[in-house]
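A short worksheet on the structure shown next.
The values are calculated or read from the model by the stated rules, or taken from the named source; none is laboratory data. All values reported here derive from a predicted model rather than from experimental measurement. Note: ideal-geometry Cβ built from the backbone for every residue, glycine included; neighbour counts use all protein chains shown. Ligands, DNA and RNA are stripped out before the accessible areas are found, and what is left, the full protein with its side chains, is counted by its heavy atoms. Shrake-Rupley method; radii C 1.70, N 1.55, O 1.52, S 1.80 Å.
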Protein chains: 6
Amino acid sequence: MSKTKKRIAVFPGSFDPFTVGHEALVKRTIHLFDEIIIALGTNSNKQYMFSEAQRKKWIEHVFKNTPGVSVQRFSGLTIDFCKKNNAQYIIRGVRTSTDFEFEKAIAQMNRSLSNIETIFIMPLPEHSAINSTIIRDIVRNNGDASMFVPKGIRFK
Amino acid sequence: MSKTKKRIAVFPGSFDPFTVGHEALVKRTIHLFDEIIIALGTNSNKQYMFSEAQRKKWIEHVFKNTPGVSVQRFSGLTIDFCKKNNAQYIIRGVRTSTDFEFEKAIAQMNRSLSNIETIFIMPLPEHSAINSTIIRDIVRNNGDASMFVPKGIRFK
Amino acid sequence: MSKTKKRIAVFPGSFDPFTVGHEALVKRTIHLFDEIIIALGTNSNKQYMFSEAQRKKWIEHVFKNTPGVSVQRFSGLTIDFCKKNNAQYIIRGVRTSTDFEFEKAIAQMNRSLSNIETIFIMPLPEHSAINSTIIRDIVRNNGDASMFVPKGIRFK
Amino acid sequence: MSKTKKRIAVFPGSFDPFTVGHEALVKRTIHLFDEIIIALGTNSNKQYMFSEAQRKKWIEHVFKNTPGVSVQRFSGLTIDFCKKNNAQYIIRGVRTSTDFEFEKAIAQMNRSLSNIETIFIMPLPEHSAINSTIIRDIVRNNGDASMFVPKGIRFK
Amino acid sequence: MSKTKKRIAVFPGSFDPFTVGHEALVKRTIHLFDEIIIALGTNSNKQYMFSEAQRKKWIEHVFKNTPGVSVQRFSGLTIDFCKKNNAQYIIRGVRTSTDFEFEKAIAQMNRSLSNIETIFIMPLPEHSAINSTIIRDIVRNNGDASMFVPKGIRFK
Amino acid sequence: MSKTKKRIAVFPGSFDPFTVGHEALVKRTIHLFDEIIIALGTNSNKQYMFSEAQRKKWIEHVFKNTPGVSVQRFSGLTIDFCKKNNAQYIIRGVRTSTDFEFEKAIAQMNRSLSNIETIFIMPLPEHSAINSTIIRDIVRNNGDASMFVPKGIRFK
């Protein structure tokens, strides 16, 4: 791999919904890569609160003025998606030691199956408690979760 | 920060001694950066098994044919060393969830004090148990630790 | 908030079933608060082994002679339930480091959304392995789980 | 219990599928016991990717030339299965600290209910990331998971 | 113990130095207790960066207008200090899962030796990375740690 | 290795002091092995509260009527001690997830250097908080730690 090759990273997730933590993670790594593809996972076995179209629209809105960042739907293995897009890196945030163990196993398995490296970023302290599961719980119960998602994301 | 700026990373540690895990980490991130500076920490309050000169020589030997990788001694705060060297990134390996908690706090504190981002890499599975503390214990007791350090490092 | 205001705490859970660990937690914090409301969660998306009526009856039985402790059903956000009951505190037990990470995120999110503080208690050593999931597994397989639940709770 | 009594261990799991990690664990403990019974769990509430017959055949194949190792289906409590088979020990692998917390609680509950001791083994480093959940994900998405399962196990 | 008895808590630590995290913890629990005694530990085997007199003066300064909060030096067992001061509770912050394990053991041992309960509080997200060890490292290396300590604490 | 070979295990530690947790661990594994050698570590870089002679006498006292259990002093690498004593196994207790990470690395390194397997046992719930560090702290401060050590151990 030559040094002049474009550095492309995939940031995979279900983003149900996309949070200020996800947004900060992209902004904090944007200069490290020439291109970041946000890979919106769709898994037919999983139930989402927000439709794929909705989740995609939100992310596009957040990065509409950010060159080098794009969104794509994907299903299947993350490393297959990376290969198709010539990405050599996966970006993952890791908030807790429970996350850590899980992410480590996935990253190591991906590395056994390919040369794709996973790059981990810790959340900013103020984002360390924010996760999509809790946000969904707040939304489901009519609480106000607007402070946990990027400007422009409205739940109703 | 422009996209064409050189991406420089600092990989700090005491490397007492430098292990095959450290070596792999540099090799796995070498294409992500234009330059990696291995920052050999020297802390007057800490006792090292191997002299600074010895540790430096070993690392230089390992990367003597690897353009873009250099070694420097440093003391003081890692972020000050980064600024002096125009590095925007710190690289850290994180093996265990205990490491994770500690590294997270350090990375977050560094981020509060500067714009320097810490990039984390998980070890390859076969390196996940290798750490300098255990190697020193083996060497101290005349065990054979050669399989845990790069070729060319000899404990005698 | 004046010092003479009543200190009210909510102890939320699904209590499916209520264990000796839950019982000890209430008894150990009973003098810290003027009132403890055991909030029996009912979530229409979740399947319970024991009916809500049964779980409520068991808890009422355990504390029938304990002034200051009451039971209420609730659904929705815990902080909304707290506000409705003028409770300033949530009580949670935390047994393991996996629990810890999860509980920390919930407590921090609740604190972002309100002024309600979560107070954590570690289990007594002899209760540290007891959890409702394992008890349900024992009961489902006709094992004897009576030693893990308060006197007066019979699975039949 | 006399020292001359046969030492019998049960290695319970769903083995969906059986991995090289499971295989190594049996081979590494085979001399510690006179007999190891691989207990293939079947839980009617759980969905498996591979049929019970298929999973059993695979394990039998792996150990067909290994005296002292057998496979049996089981449902219900592990300690009841142990008693029925005069086993005094349960063997469990523990890969991560998240696993650890869960396994500790189960082992302690089993010990409260019986005299059966659980013996834990750490994976070899090269097996530390391998788990059945990730393998199923690879297989489901037509990836090549053959390097993570014993020779002779073919997914198609 | 009667409900009308004063609720007294001890918040023990070495506070080398006292941080905004410590300050927030006291302010967040101040209404739960009638009195909080900040117990400044002095251990002749330990080396401190800041003198006991200095650390005490700083804490007194922070709480000089806060009725119900006082500072005392102590050495010896925390539970002995509690008994001498008629305190029924110990307050501890717990930031990470590594902290958690350690604090759990201490709290359980204290509970075996006395009836004193330990009450745990999670840090606010923005304080979750702040710890005295890292602050000392910053100060030692002439970094600016003022944002991590309460107003009025100056390292010079 | 033949099935009829004696199964010998080493239980290494500094045992400063030997606790009821250590005692239980030996008693719970005594039937798994033909011989258990308690290996009393002596490390000239470490400071002990109790002399080696004292620690050895205490352990001998505890097991004076238990055939198959012996005590030996050792220094150097545990695997070298095992080889000298024809032991194929190391026994370790693991109480917390922090312990777990550390013990895993040591066990895996030992396995890379030899064929010696480490067998892990979880503490009984009532012993899960007991550790020698906390006991030394209690003793140093004239607290009563007698309930945490085997009968016959007196700190005076």
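Between B:Lys6 and B:His61, the FRET efficiency from the beta-carbon distance, with R0 = 30 Å, is close to 0.75.
Placing a label point 7 Å from Cα along the Cα-to-Cβ axis, E:Lys57 is separated from the same position in the other copies by 5.0, 5.0, 6.3, 6.7, 8.2 nm, shortest listed first. Which FRET efficiency value, to the nearest 0.05, do you get for A:Gln72 and F:Lys83 by plugging their Cβ-Cβ distance into 1/(1 + (r/R0)^6) with R0 = 51 Å? Rounded to the nearest 0.05, the efficiency is 0.35. For the stretch A:1-40, applying the loop criterion from DSSP together with a ceiling of 15 other beta carbons within 10 Å to the trypsin sites (Lys or Arg not before Pro) yields A:Lys3, A:Lys5, A:Lys6. Is the shape of the stretch E:67-122 rounded, prolate or oblate, going by the alpha carbon gyration tensor and its root eigenvalues a ≥ b ≥ c, with a/c under 1.5 for rounded and a/b larger than b/c for prolate? Cα axes put the stretch E:67-122 in the oblate bin. Relative to the dominant Cα principal axis of chain A, helix A:52-62 is inclined by about 80°. Listed values for the stretch B:139-153 are Karplus-derived 3J(HN,Hα) couplings in whole Hz (6.51 cos²θ - 1.76 cosθ + 1.60, θ = phi - 60°), namely 4, 4, 9, 6, x, 9, 9, 4, 6, 9, 10, x, 3, x, 8, and x replaces Gly and Pro. The orientation-averaged projection of the convex hull spanning the C-alpha atoms of the stretch A:1-66 amounts to 5.5 square nanometres. A straight Cα-to-Cα reach below 26 Å connects A:Lys151 with the lysines A:Lys27, A:Lys56, A:Lys57, A:Lys64, B:Lys3, C:Lys104, residues fewer than 8 places away in its own chain not being considered. Here the mean projected area of the convex hull built on the C-alpha positions of the protein assembly as shown is 38.8 nm². Between copies, the label points of B:Asn115, set 7 Å from Cα on the Cα→Cβ line, lie 3.2, 3.8, 5.9, 5.9, 6.9 nm apart, reported in increasing order to one decimal in nanometres.
Peptide A:130-139 is shielded by partner chain Cβ atoms: per residue, an average of 3 of them sit within 10 Å of its Cβ. Remark: label point of D:Gln72 defined 7 Å out from Cα along the Cα-Cβ vector; separations to the same position in other copies 3.8, 5.2, 5.2, 6.2, 6.7 nm, ascending. The H on the amide N of F:Leu40, modeled in the peptide plane, is under 5 Å from the matching H of F:Gln72, F:Arg73, F:Phe74, each at least 5 residues off or on a different chain.
Placing unit charges on the Cβ atoms of the charged side chains and taking the dipole of the stretch F:86-156 about its Cα centre, the candidate lying farthest along the positive direction among F:Val94, F:Asn131, F:Asn115 is F:Asn131.
Converting phi to 3J(HN,Hα) with the Karplus coefficients 6.51, -1.76 and 1.60 and the offset θ = phi - 60°, the stretch F:108-120 yields 5, 5, 4, 5, 5, 9, 6, 9, 6, 9, 9, 9, 9 Hz in sequence order, with x at every glycine or proline.
A simple rule links phi to the HN-Hα coupling: the Karplus curve 6.51 cos²θ - 1.76 cosθ + 1.60 with θ = phi - 60°, which for the stretch F:66-82 gives 10, x, x, 10, 9, 10, 9, 6, 8, 9, x, 6, 4, 5, 5, 4, 4 Hz, with x for Gly and Pro.
Inter-chain neighbour count for D:103-116: the average number of beta-carbon atoms from partner chains within 10 Å of each residue's beta-carbon is 6. Between chain C and chain E, the total buried accessible area stands at approximately 3100 Å², from heavy atoms with a 1.4 Å probe.
What is the mean number of Cβ atoms from other protein chains located within 10 Å of the Cβ atom of each residue in peptide B:89-98, rounded to a whole number? Other-chain Cβ atoms within 10 Å of each residue's Cβ, averaged: 6.
Based on Cα atoms of the stretch E:8-147, Rg over Rh with Rh as the Kirkwood radius reads 0.94. Taking amide H as placed 1.01 Å from N in the peptide plane, the amide H of F:Ile119 sits under 5 Å from that of F:Ile90, F:Ile91, F:Arg92, each at least 5 places away or on another chain. In chain F, the longest principal axis of the Cα atoms and the axis of helix F:20-29 are about 20 degrees apart.
Quick one: Cα centre-to-centre distance for the stretch E:1-42 and the stretch C:1-72, in angstrom? The stretch E:1-42 and the stretch C:1-72 have Cα centres spaced 26 Å from each other.
Here the sum of -39500 (n - 2.57) over DSSP H runs of 4 or more residues, divided by the residues of chain C, equals -10500 deg cm²/dmol at 222 nm, to the nearest 500. Using only side-chain charges placed at the Cβ, +1 for Lys and Arg and -1 for Asp and Glu, the dipole size of the stretch B:8-147 relative to its Cα centre rounds to 260 debye. Chain D's nearest residue to the axis relating it to C, judged by Cβ and reported with the distance in whole Å, is D:Thr98, 3.
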